[in-house]
Every structure is written in C-alpha cells, then in structure tokens.
Amino acid sequence: MLGNETLWDAAVRCHEVLAVSGISHAIVGGVAVCLHGYRRNTVDVDLLVRREDTEAIREALEAAGFQWSPQNHEFLSPSGVPIQFLLTGDRAGNDSEVRFPDPRAANTVILKEGLPVLSLARLIESKLACGAGNLRRTHKDFADVIELIDVNQLPASFVRFLHKSVRESFRELFRRTQAG
C-alpha cells in the first residue's frame, strides 16, 4: 500500500502486539493519511495511545523485539522503522484548543485494512491544529488536508464534524480545493 513493505509490516506488527496486550491505540500521521485514501510517502508509524498505557506499551513492544531509542523518544521496529507516539489529551498543535482524543472514544477510531485508524474527521482536525501551530509542519499538514478533502470528495458541510477552532482553516482549504 505505501510502497514500503517494511513500514507497512511495522504498522501491522505494532497493532498486533498492542491488540494482544489489550492496549487501545490508533494509527495517525502519514500512515493514517494513506489509509484514508491519499497515497504519500512517510518514514515512520505514528500511534495515538493513552498516557496511562505507556509502561504496558513499553513492556509489550520490547518483548516483541522493538527497541527503545531514548535520544529520539521512539521505538524502532526490528527492521529499524521508527514508531512514534502521540498521547491522548496532549494538544494537537502549539496553543491549540484541539487535543488528541482517547482511542477508546466513540467516533474516534475506524478500522481500515484491519488496522484501527483515527477517523477522517479527527485526522483532519489534528492535521489542521498541528499545521497551524508549527510553521515547519504547516505545508505538509495542510497539503494532507487538501488532498484528503479531494480524494474523499468531502462537502463543505464536513466542517460541522471538526472542532470549532479549526473550522475556518478547513473552510479556507476547502475553498482552495474548489478553485483549482
């Protein structure tokens, strides 16, 4: 799917390990963007997890052969793919009102290709918040949103599913998809 079987294998293996351990999680970031229909390159697997599960995650992943990289604050799969984590309740962007949701919450996670993935609304919401809060991420995150609007043929009314603080950004990007 992603043109990088090792990355895909790492995402599937992470899910399997966490699922067997009963740890709630969701795929976010570039892999989630791909699973929602916009094929693009990515180099890591981003997972949404609950802060209170971090010790159990560490134990489960280490037992499965993943190695913790303290300098990068990430795990590395046995083949070297970085596995990074976003924590429930953390702000999705600098000074953002949007916070990462609990992967157990209703309408937060859907299954795509057998993996728990952040829903399209929560993914777009987090991309908008992250992009607005960090100039180095703005172009990539906003480009992801534009492509997700286009590939999923989202209507302007989709804005009602998003946090009020990112609605104007969505409207502007939606207008851009319609203009060109």
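Coordinate-derived values only; no laboratory data. The model shown is predicted, which means the values in this text are computed figures rather than measured ones. Note that we place each Cβ from the backbone using ideal geometry, even for glycine, and neighbour counts take in every protein chain shown.
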request  = Determine the dipole magnitude for the range 19-102: charges of +1 sit on the beta-carbon of Lys and Arg, -1 on that of Asp and Glu, nothing else is charged, the reference point is the Cα centre, and the result goes in debye to the nearest 20.
outcome  = 300 debye
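For the range 1-106, would you read off the P(r) tail past 18 Å as a percentage of all alpha carbon pairs?
Values: 2657 of 5565 pairs.
Of the Cα pairs, 48 percent sit more than 18 Å apart.
Could you give the length gained by full extension between SER157 and GLU113, i.e. 0.36 nm per residue of separation minus their alpha carbon distance, to one decimal place? All intermediate terms of the calculation are to be shown ahead of the outcome.
Details: separation 44, 0.36 × 44 = 15.84 nm, distance 2.69 nm.
Answer, rounded to one decimal: 13.1 nm.
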message = Suppose we keep just the DSSP beta bridges with both residues in the chain; what percent of those would be antiparallel, to 5?
response = 70 percent
key: Candidates GLU55, GLU97, GLU74, ranked by Gaussian network fluctuation over the chain, Cα under 10 Å, top entry   = GLU55
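Please figure out what share of the DSSP beta bridges in the range 6-94 is antiparallel and state it in percent, rounded to the nearest 5. All intermediate terms of the calculation are to be shown ahead of the outcome.
Numbers: 9 of 14 bridges.
Bridges in the range 6-94 are about 65 percent antiparallel.
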note = The size of the Cβ-based charge dipole (Lys, Arg +1; Asp, Glu -1) of the range 1-153 about the Cα centre, to the nearest 20 debye, is 260 debye
3J(HN,Hα) from dihedral phi, the range 95-108, Karplus parametrisation 6.51/-1.76/1.60, rounded to Hz, x for glycine, proline = 6, 7, 7, 6, 10, 5, x, 6, x, 8, 6, 4, 6, 9
key: Projected area, mean over directions - the range 69-117, Cα convex hull, nm²   = 5.1 nm²
ask   = Among ARG160, ARG51, ARG137, whose mean-square fluctuation peaks in a Gaussian network model of the chain (Cα, cutoff 10 Å)?
value = ARG160
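Given 0.36 nm per residue, what is the gain on full extension from ASN41 to HIS73 after removing their alpha carbon distance, in nm? Please list the in-between numbers first.
Details: separation 32, 0.36 × 32 = 11.52 nm, distance 2.18 nm.
Answer, rounded to one decimal: 9.3 nm.
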note = Of the DSSP H helices in the chain, the ones reaching 27 Å or more along their long axis in Cα terms and averaging at least 1.6 in Kyte-Doolittle hydropathy are none
task = Sum -39500 (n - 2.57) across every DSSP H segment of at least 4 residues in the chain, then divide by the residue count to get the 222 nm mean residue ellipticity, nearest 500.
result = -13500 deg cm²/dmol
